[in-house]
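Structure record follows, encoded as structure tokens.
The values are calculated or read from the model by the stated rules, or taken from the named source; none is laboratory data. Predicted model, so just to flag it, every value in this text is computed and none were measured. All Cβ positions, glycine included, derive from the backbone under ideal geometry; neighbour counts span all protein chains shown.
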Amino acid sequence: MTATPAPALSAVSGQFESIFGSAPDGVWQAPGRVNLIGEHTDYNEGFVLPFAIDKAAKVAVRLRGDSCVRLLSTFGKQGLVETETTTLAPGSAKGWTKYPLGVVWALGQLGLDVPGFDLLMDSDVPLGAGLSSSHAIECAVIMALNDLTGAGLGLEDMVLATQRAENDFVGAPTGIMDQSASLRGSKGHAVFLDCRNQSVQLIPFDPREAGLVLLVIDTKVSHSHADGGYASRRESCEVGAQVLGVTALRDVGIGDLEEASGLLDSATFRRVRHIVTENDRVLQTVERLTTDGPAHIGLLLDASHASMRDDFEISCPELDLAVETSRAHGAIGARMTGGGFGGSAIALTPVGHEQEVRDAVVRAFAAAGFTTPDVFPVTPAAGAARLA
Ligand code: GAF
């Protein structure tokens, strides 16, 4: 007996069938992510601690017998986009289609001959909120194409291929954190990733069990990692590593900072100090979660935010206000999450205080003349998977 499909799943499958004329070969899902701590450490070969969230992109896909690709999303104004696998090149795609087409292009760069396909995409990961909606699409698509073509890629290969899609096709010089969280996430866990060798340890992280809720505050300040801010931070880190004579800033310890301050200009030193102290905070957070639980990581989240605001300079007034207000109204720790310059903050909040934090943040934003933020809870969820 076949189980009754979940409503969302049967909806995307049914919509695919009515648009493209027959049922998809399958449906795949990949979640967005929240980074608990460890920001901009991934491309410095350091440590990160993200988790997959309970919001995901779904793709229904059917392979075709030719090289035509037809793409449609359930939202947005882009309509049906039709192209050829053979003509893809960086800069050739627009809007959300950059992400699936970037994956096809990256697989082509690996020597894989991806056939044409029809694809319908649906997602409830908020767009431009710093929750990695783009990687969720890329991860769902690469899983689908890997399964359907029998390409035999492992999770680590898929992480690198989606990074290539982002870096070289989309033009965002990002690291490997977001796709690792989406592909390797696990319900009730954070993904402790060593970005030097992609080794992963799943760390139990269930805020509810500890009487807490993890609130996301989407500031509605949209950002793009293809803009200059992200790249310029990455460049500063590379300069810092070069001057200090290390392969990557991962190799600089807290004890080396005093000497580093004499070798680097003040801005580069502060960028380096953020990475070095942030790596240490990730390790401390893992230790605290493992020994004492989520109620004991609040001050580390706060310190991470201060370091991003003052040393790495990637916060913005909306993020700072979200963090300060949620802390003043009961959150035990708060920080911006993701690449910065906008997007979302997170606030670890005792159960029962969610409404107070939400109301206070909305009021503070109104008083400052900022756009009304979205405030909602997320829970650590499973990573990407085939649904049907
Ligand atoms: C973005 C990037 F995609 C990640 O690779 C990471 O660098 C993050 O910003 C900052 O920690 O989400």
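For V159, are the conditions met, namely being at pLDDT 95 or above, in contact with a Ser or Thr (Cβ under 6 Å, 6 or more places away or on another chain) and within 12 Å of the ligand (Cβ to nearest atom)?
yes
Restricted to segment 91-126, and to residues that are surrounded by fewer than 22 Cβ atoms within 10 Å (Cβ to Cβ), hydrophobic (A, V, I, L, M, F, W, C) and within 16 Å of V170 (Cα to Cα), which residue is nearest to the chain's Cα centre (by Cα)?
The residue in question is W96.
Restricting to segment 35-54, name every residue that is out of contact with any helix residue (DSSP H, G or I) (no Cβ under 8 Å at 6 or more places or on another chain) and either surrounded by fewer than 24 Cβ atoms within 10 Å (Cβ to Cβ) or of a type in the set (F, W, Y) (or both).
D54, the sole residue that qualifies.
Is it the case that some residue within segment 177-185 is farther than 29 Å from G116 by Cα, charged (D, E, K, R), within 16 Å of the ligand (Cβ to nearest atom) and touching a residue at least 60 places away in the same chain (Cβ under 8 Å)?
No, that holds for no residue.
Could you check segment 310-356 and list, in sequence order, the residues that are under 15 Å from G229 (Cβ atoms), part of a loop (DSSP other than H, G, I, E, B) and not small (G, A, S)?
Within segment 310-356, D311, F312, E313, I314, C316, F341 qualify.
In segment 304-320, how many are free of Cβ contacts under 8 Å to residues at least 24 places away in the same chain and either in contact with a Lys or Arg (Cβ under 7 Å, 6 or more places away or on another chain) or closer than 14 Å to T41 by Cβ (or both)?
1
Restricting attention to segment 202-233, which residues are touching a strand residue (DSSP E or B) at 6+ places or on another chain (Cβ under 8 Å) and among the aromatic types (F, W, Y)?
Selection gives F205 alone.
Being touching a residue at least 60 places away in the same chain (Cβ under 8 Å), more than 23 Å from P126 (Cβ to Cβ) and crowded, with 16+ Cβ neighbours inside 10 Å narrows it down to one residue among R196, R250; which is it?
R250
Give me the pairs, please: first residue somewhere in segment 328-346 and charged (D, E, K, R), second residue anywhere and away from the ligand (no atom under 11 Å from the Cβ), beta-carbon distance under 8 Å, and either six or more positions apart or on two chains.
Taking only residues 6 or more apart or on different chains, the pairs are R335/L301; R335/D302; R335/H305; R335/V323; R335/A345; R335/I346.
So how many residues does segment 207-233 have that are touching a residue at least 12 places away in the same chain (Cβ under 8 Å), surrounded by fewer than 18 Cβ atoms within 10 Å (Cβ to Cβ) and within 16 Å of the ligand (Cβ to nearest atom)?
Adding up the residues that qualify gives 6.
If I ask for residues that are acidic (D, E) and either within 12 Å of the ligand (Cβ to nearest atom) or surrounded by 22 or more Cβ atoms within 10 Å (Cβ to Cβ) (or both), which ones from segment 162-176 would you list?
E166
Among the residues of segment 189-198, is any more than 30 Å from F269 (Cα to Cα), at pLDDT 95 or above and within 13 Å of the ligand (Cβ to nearest atom)?
no
Which of the following residues is within 15 Å of the ligand (Cβ to nearest atom), among the hydroxyl-bearing types (S, T, Y) and more than 27 Å from I254 (Cα to Cα): S326, S315, S344?
S344
List, please: which pairs have Cβ atoms under 9 Å, are six or more places apart or on different chains, and start with a residue in segment 267-283 that is over 12 Å from S304 (Cα atoms) and end with one that is of a type in the set (D, E) and surrounded by fewer than 24 Cβ atoms within 10 Å (Cβ to Cβ)?
Pairs that qualify, where the first residue is over 12 Å from S304 (Cα atoms) and the partner is of a type in the set (D, E) and surrounded by fewer than 24 Cβ atoms within 10 Å (Cβ to Cβ), are A267/E313; F269/D311; R270/D310; R270/D311; R270/E313; R271/D311; R271/E313; V272/D311.
Among the residues of segment 262-272, are any part of a loop (DSSP other than H, G, I, E, B), modelled with pLDDT of 95 or more and among the small types (G, A, S)?
no
Residue check, R64 against (1) out of contact with any Ser or Thr (no Cβ under 8 Å at 6 or more places or on another chain); (2) within 16 Å of the ligand (Cβ to nearest atom), all met but one. Which one?
(2)
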